[in-house]
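Working notes, structure below.
The values are calculated or read from the model by the stated rules, or taken from the named source; none is laboratory data. Keep in mind that what you see is a predicted model, and the values were worked out from it rather than measured. Cβ sites come from the backbone with ideal geometry, for glycine too, and all protein chains shown count toward neighbours.
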Amino acid sequence: MATTQEELDSKRMFLSLKTVVGELVENYSVEEEKQTIFFQVSAEPFEVAFKIMLHPCQQLMTIYSKLSFTVDEQYRSAYSMAVNDLNYDRMYKGTFDFSVQKGITVYRIPVPYRKSLISRELLSDAIRDTFDTVTKYNQYLYDVSHGVEATIPQE
């Protein structure tokens, strides 16, 4: 259970987050009680979906972006190895998380805010970094998820 100070810090953080998201996109939805924001951004080759959630007890904000495709069972083993290699060699701010059971992939960036003031610029940068990373690797991961031999995009 979050303490009163943790709850206050989370409310301030959520207010800042809503302001930043409102500056970045026109349409978004908010679940106030769950301190969660949802929105989508058009991109090629796939739309990028966002779920940004605060976890008051952990004083943590997590940005999630679920990729828009599901990996067929026959390709999940090879795909999971590709995701693992991608995370190991290239992901420094966040990671791609793949559920072998469900066949879904989520890009995730955790941002701790315990006893910290997180600037709006940092929030905006974290959202933009998520968008940039997902759009950069979307086609590669999609191809691998369909058994197509693909080359990892250049850094």
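Of the residues making up the range 12-23, those that are in contact with a Phe, Trp or Tyr (Cβ under 9 Å, 6 or more places away or on another chain) and at pLDDT 95 or above are Lys18, Val21, Gly22. Every condition in (1) surrounded by fewer than 17 Cβ atoms within 10 Å (Cβ to Cβ); (2) within 15 Å of the chain's Cα centre (by Cα) is met by Cys57 except one, and the failing one is (2).
State all residues of the range 118-155 that are of a type in the set (S, T, N, Q) and either loosely packed, with under 13 Cβ neighbours inside 10 Å or more than 22 Å from Ala49 (Cβ to Cβ) (or both); if no residue qualifies, say none. Once the filter is applied, which keeps residues that are of a type in the set (S, T, N, Q) and either loosely packed, with under 13 Cβ neighbours inside 10 Å or more than 22 Å from Ala49 (Cβ to Cβ) (or both), the range 118-155 yields Ser119, Thr151, Gln154. Of the numbered criteria (1) of a type in the set (Ser, Thr, Tyr); (2) in contact (Cβ under 8 Å) with a residue 24 or more places away in the chain; (3) in a loop (DSSP other than H, G, I, E, B), the one Tyr92 fails is (2). For the range 36-46, a residue qualifies if it is within 13 Å of the chain's Cα centre (by Cα) and either under 15 Å from Asp129 (Cα atoms) or in contact (Cβ under 8 Å) with a residue 24 or more places away in the chain (or both), and the qualifying residues are Gln40, Val41. Note on the range 141-155: residues that are more than 15 Å from Ser65 (Cα to Cα), touching a residue at least 24 places away in the same chain (Cβ under 8 Å) and part of a helix (DSSP H, G or I) amount to 2. Among the residues making up the range 102-117, a single one is in a loop (DSSP other than H, G, I, E, B), surrounded by 13 or more Cβ atoms within 10 Å (Cβ to Cβ) and either modelled with pLDDT of 95 or more or in contact with a Lys or Arg (Cβ under 7 Å, 6 or more places away or on another chain) (or both): Gly103.
Which of the residues that make up the range 83-98 are hydrophobic (A, V, I, L, M, F, W, C) and modelled with pLDDT of 95 or more? Talk me through it step by step, then tell me what you get.
The first filter runs over the range 83-98 and keeps only residues hydrophobic (A, V, I, L, M, F, W, C), leaving 83, 86, 91, 96, 98.
Once the filter is applied, which keeps residues that are hydrophobic (A, V, I, L, M, F, W, C) and modelled with pLDDT of 95 or more, the range 83-98 yields Val83, Phe96, Phe98.
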